Every structure is written in C-alpha cells, then in structure tokens.
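**Student:** I have a structure I would like to understand better, so I am pasting it below and will then ask my questions one at a time.
We did not get these values from a lab; they are worked out from the coordinates using the rules stated. Note that the structure is predicted; figures quoted are calculated from it, not measured. With ideal geometry, Cβ positions are generated from the backbone for all residues, glycine too; neighbour counts draw on all protein chains shown.
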Number of protein chains: 2
Amino acid sequence: MVDENATIQRTVAAVLARSVRAGARLITQAESGDAGIRPVLQTLYRYGGHARVVGITGPPGAGKSTLVDQLVAHYRAMGQRIAVLAVDPSSPFSGGAVLGDRLRMGRHDTDPDVFIRSMATRGVLGGLSKAVGDALTVLDAMGWDVVIVETVGVGQSEMDIVRHASCIVLLQTAMGGDAVQIAKAGVLEVGDIFVVNKAEAEGSGRMVNALNEMIGNRANHGEPGKWQHPVLKTEATTGKGTVELAQQIERRFVFLSDHPQVARAQQVTQLRARASEIARDRVDTRIRRLTDGDAGHAQLLADVLARRQDPYSFAEALLRDGGS
Amino acid sequence: MVDENATIQRTVAAVLARSVRAGARLITQAESGDAGIRPVLQTLYRYGGHARVVGITGPPGAGKSTLVDQLVAHYRAMGQRIAVLAVDPSSPFSGGAVLGDRLRMGRHDTDPDVFIRSMATRGVLGGLSKAVGDALTVLDAMGWDVVIVETVGVGQSEMDIVRHASCIVLLQTAMGGDAVQIAKAGVLEVGDIFVVNKAEAEGSGRMVNALNEMIGNRANHGEPGKWQHPVLKTEATTGKGTVELAQQIERRFVFLSDHPQVARAQQVTQLRARASEIARDRVDTRIRRLTDGDAGHAQLLADVLARRQDPYSFAEALLRDGGS
C-alpha cells in the first residue's frame, strides 16, 4: 500500500512536471481500460482546468488532419504548447485513416512543445469517450495551452467525443453532403464554429450560405449573452483561413470567460456526461467479469436457453451480483 | 395491477396471434426505451426461439437493401413468412439512407406475410443493440419464419447488432475497400457467409480470391465440426446469386442443428451479450434520471467543478445512489 502510494505520487509528479513519457504511458493505460490508474487520474484532475480544449470533427475526407496541422503550426508560431488527440471511433473498414494521416504531421515530430497521439476503437475496453475523457485529464494536467481533440465522423459516438471540448468546430466540404443533411443529423446544435473546408471547390459558397441561413433560423443571432456561430471558409492544404479559424476559437474562449453562466452550464453538462461514462464503464467491467467464463450463473443461463426464464431476469441477476 | 396484468395479457395474446399492429407498436415502444413493456417482452421471450434470424451488414452502398429485397422475394416464392428489421446506427450525415431504401421494397407492401420495419439511432434511448434485441424478441414470438436484421456499416455497433443473428452475412463490393482492410476490421471473425455484391464490377473476382485466401488462413477449412465459410458473388440488381445465397443461409441453419454444441455455444454468447446490454441499459436509465435536472448531487457537482473533488468520485456517488 505504501509502495502503491509512492508509485501514484511519482506518476503524478512526472505528469505535472510535463514528462511526455509519463503522460503517453498513462494515456495508453487509459486506452486499455486499466482501472489501476484511477487514483492517479483523480489527483491529476484537481490540477487541471487550464487547457483550452478544442474539438474538431467532420466526415472522412473533409481535411481535418490537414487543418489541424495548420492550426498546430499557427499556435506554435504564437508560442503556445499544443497537444492533439486524434480519435478514430470507426473501424478501418469504413475508410478512417487517422493513423496514416498522422504521418503528415511529421514536421512537428522534433518539437517538444507539440504532442500528437492517436486513439482508436480497437483495443479500447469500455467506452471510447470515457477513455478520451481520461486522456484529456492527463493532457490538461500536463499543462498544454491548447488541446485539440480530432475525431472522424459525425455520428453519436463522435459527438460524445467532441463534447469533452469547450469549443467545437464542425468541418464540412461542399462535396460532403448538403446542408439539409447536416441539419438532419442534429449536429448544428453541437457546433460552435462551422468551417467549410476546400473552399476552392464548387458549391462552397452555397454551403456557407445554407449554413448561415440554418443558423439564422435558430434565431439566436445578435441576442446578448448568446454565442454567435461563425461560418468560415478554409483551404487547409494552403493554410488559407487558418488564422481566421484560430481567431474564432479564441473568440469562443473569450466569450466563455465573459459569460460565466454559459461556461458553467457547459461544464455541468460535460461533467454529468463524464460521470455517467465513468459509472457505465465501471458497471460494464463488472458485468464482463461476471459473464466471462462458464462458471457464473450456469443454472440461470440454462433456464434462459430452455426459455423457462428470460434475458431480462438474467440481467437483473447480473445487476444484483455486480451492479453496485 | 389487475388492469395492468390484463393489458399485458392482451398484448401478449395479440402478438402471439401475429397482429402486425400490436407487434409494430411494441417495437416502437422498445425503440423509445419504454420500460413498461418489459413484462410483455419477458413473456414473449418464452414463446420464441423458432425464427431463423439472419444478420446482413456491409459498408454503405454495397447494395444491402437491394439484396434483402431479392431475398424477401425468394423466401416469399418458397412460401415463407419473412420480417426485415433495417437498422441504421449512423447519422444521416454519414450517408445512411435506410429509410429511403425502404421505398424500394414497396413491392411487398400489400403482402401480409412480409413485415418491414426501420430502426434508427435517432430517438433510441439507451443502446440501439438492446432495442434491436427487444424487437427480435417480438418478431420471433410473432412466428415469422425468417427475420433479417439489416444494418449499414461495419463498425463495432453494427457488429453488436448483427450478432443477435445466428447466421451473419457480410456484404462487400470490389469498390468498397480491399480485402486486407476487411481483415483489419476484424469482421472476418464475425461473418458466416461472405458476399461480393456487384459481381459485374471490375476486381470482384480478385476480391473473392482474397477473401477465400484469408478464410483459408484461418485454417479451419474442412475440419469436421467446423463451419466452412462460403464466399459468394451476387448481382443484387438482377437477382443473380440470390438463390445460392439463400441456400448457404439454409446450410448454416442445418449446420447449427447438426452441431448442437456449436449452436449452444453461440446461444450462450448471444445471451450473455444480450443480458449485458439489458443490464447496462437499466443502469444508464437510472444514471440519466439521477443526472437530469439540477437537484441531484448539487454540492458534489460544485466540488468537482471547483476541482476539490473529481468526476470519478462523482461517478461512484451515482452508482451508490442508482446503480443497484
């Protein structure tokens, strides 16, 4: 126990001293669902709350990695220390190529003030979003000025992931589906900043107009105390629009500090979601333990298979034995 | 209570009498996470176990809906009653068009021995896969001979959904990524039958060969008691290959009844997964109730926001109050 405490203290100290090696190892442990790092995360959490966490998401091929690369260069030019967590919730099957994209960021490889890390579904026990939350706790405690969470896709799990951020950038291209689809997907509600990348492509102007119109339809433009959602054009490959995007990101954080009520409401929402994820992860782990192997609940299982009992009663038994 | 029991009995009787209206209503309730239908599902489960449940999945655009349409026509020609549950775990954003695709199946609209139903993520409280399991319990009790679960995509959640089926068909096209990607996605382990649709397309033969090779690499070909995974070519638009696919699906069910050990192992795995999903759903519901509104845990929440406490402790409190 004394040894264990000493290890915890050492790890915490290393992370607070900005050891990239200690941070990376903790993230790997978070990814693999290692429950042993919990006391470390609990302590690290108390040192956090300083990083500006930016979430960036959009469909595959929208140019997220290239844009993030431009943002990294921009923040570095401003003397900011920046970490990127690139999350791929999809299988390789569906065309995600986060790991390959990372190669493009090679130019920051030798910069000690840039930290780039990928997380993928494969190998993540429990919820990916929970592991992302843990990783953000580590990165926040490491004192990075800016942390970008980049995720591929715009489904529910991607939204859960970017919701850890206080500023959410939704990336789109004119080729990536029309604006009505975006509205249908319900992602308008989530985004703080909208970006139409590949601005040189045909239809980009139309896309910007459609997005502006839909945001206008939400009828919160110009109201005091309400965030005005900008719609920007970028060309990630040339860097055009990057500075404007970085400015809007800054404007978002200034807005949050000027509107503590809004900031607090967002924090409460995030925290509730985070606590739910952690709680669910713990229950999942217990249920997995109970249902692994043949020993547990053999008779009940046989009864359900014979249809003398039902899976709902089986689930009740699992909760009674392991749910609290 | 007497009234409630009477309602339960009436609903159960209607479903067992194959009332499409009663079945459809129950599936809607399952989709919306209505916990009140639980006693009905518990009773219905005991009457099930007769439908041959076939899961079909593959990337968007592979031609699933068209192929399913062909299968429906085939089974109808054989005098079989068939239900289709089309599940879209992705947001509209990512190109899913299950609802639109359903229009193509209009030719079965007036056939009382065909039941087609879509389920989408939107509006499903709790796990989609849990709701699919509930819907299958209803369809099974309704006495459909064949139930097809069709889902778009090949990520983890899609696999969770098709795993409810005893025969899993993985659909692919030569355009939909190469075979190595399929192997990487880990879906080879899940599929019982592989189909290369759009067989007329260039590269289809190569795809079939690559799939055969990878399956051969799993070194279970020809072993007694082991299922041999067929790789088929289809042209869903013309119906070419549909009969062969239906034959292989039948071969799978014959194999399972000839190998009760294999069938039982599959049932146990499915049941454990099902019970886990139900248990998780119950915990989720409780946690949601506890975290909804501002009343619950206000002091602890304030402490976590002030970083005097951490989200892990908050999660513990949620589990203590609502997890068992």
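**Student:** Could you tell me which of the pairs B:Lys130/B:Lys226; A:Lys130/A:Lys240; A:Lys130/A:Lys226; A:Lys198/B:Lys130; B:Lys64/B:Lys226; A:Lys130/B:Lys226 are separated by over 31 angstrom between their Cα atoms in the structure shown?
**Tutor:** Over 31 Å apart, Cα to Cα: A:Lys130/A:Lys240; A:Lys198/B:Lys130; A:Lys130/B:Lys226.
**Student:** Work out the mean other chain Cβ neighbour count within 10 Å for the residues of B:156-165 and drop it here as an integer.
**Tutor:** Mean shielding count: 2.
**Student:** Among the aspartates and glutamates, which have Cα under 16 Å from the Cα of B:Lys233 when same-chain residues fewer than 8 positions away are ignored?
**Tutor:** The reachable aspartates and glutamates, counting only those whose Cα sits under 16 Å from B:Lys233, are B:Asp178, B:Asp192, B:Glu200, B:Glu202, B:Glu213, B:Glu244.
**Student:** Taking the label point as lying 7 angstrom from Cα along the Cα-to-Cβ axis, what are the distances from A:Ser257 to the corresponding position in the remaining copies, in ascending order and in nanometres?
**Tutor:** Copy-to-copy label distances for A:Ser257: 7.2 nm.
**Student:** Between A:Thr173 and residues 5 or more places away or on another chain, which pairs have amide H atoms under 5 Å apart, with H built 1.01 Å from N, and which residues are they?
**Tutor:** A:Asn197
**Student:** Given Cα pairs under 8 Å that are at least 6 residues apart, what percent is the relative contact order of region A:206-266?
**Tutor:** Across region A:206-266, relative contact order equals 21 percent.
**Student:** Say a label goes 7 Å from Cα toward Cβ at A:Gly239 in every copy; what distances in nm does this one have to the rest, shortest first?
**Tutor:** 6.1
**Student:** Using Cβ contacts closer than 10 Å as the measure, can you line up B:Asp69, B:Asp145 from fewest to most?
**Tutor:** B:Asp145, B:Asp69
**Student:** Got a sec? How would B:Ile56, B:Ile215, A:Ile37 order by Cβ neighbour count within 10 Å, fewest to most?
**Tutor:** Fewest-to-most Cβ neighbours within 10 Å comes out as B:Ile215, A:Ile37, B:Ile56.
**Student:** What order do you get for B:Val243, B:Val40, B:Val54 when you list them from fewest to most C-beta neighbours inside 10 Å?
**Tutor:** Starting with the residue having the fewest Cβ neighbours, the order is B:Val243, B:Val40, B:Val54.
**Student:** List, in order, the whole-Hz ³J(HN,Hα) value for each residue of region B:62-75 obtained from phi through the Karplus relation with A = 6.51, B = -1.76, C = 1.60 and θ = phi - 60°; use x for Gly and Pro.
**Tutor:** Result, ordered by residue: 6, x, 4, 4, 5, 5, 4, 4, 5, 5, 4, 4, 4, 5 Hz.
**Student:** Give the nm distances, rounded to one decimal, from B:Asn212 to the matching residue in every other copy, measuring between label points 7 Å along Cα toward the beta carbon; shortest first.
**Tutor:** Between copies, matching label points for B:Asn212 lie 5.8 nm apart.
**Student:** Evaluate E = 1/(1 + (r/R0)^6) for B:Tyr47 and A:Glu250, where r is the Cβ-Cβ distance and R0 equals 56 Å; express this FRET efficiency to the nearest 0.05.
**Tutor:** For R0 = 56 Å, the calculated efficiency reads 0.35.
**Student:** For A:Met119, enumerate residues with amide H under 5 Å from its amide H, sequence gap 5+ or separate chain, H modeled in the peptide plane.
**Tutor:** A:Ala86, A:Val87, A:Asp88
**Student:** Same structure, new question: What does the structure give for B:301-310 when I average, per residue, the other chain Cβ atoms found within 10 Å of the residue Cβ?
**Tutor:** So the per-residue partner count for this stretch is 5.
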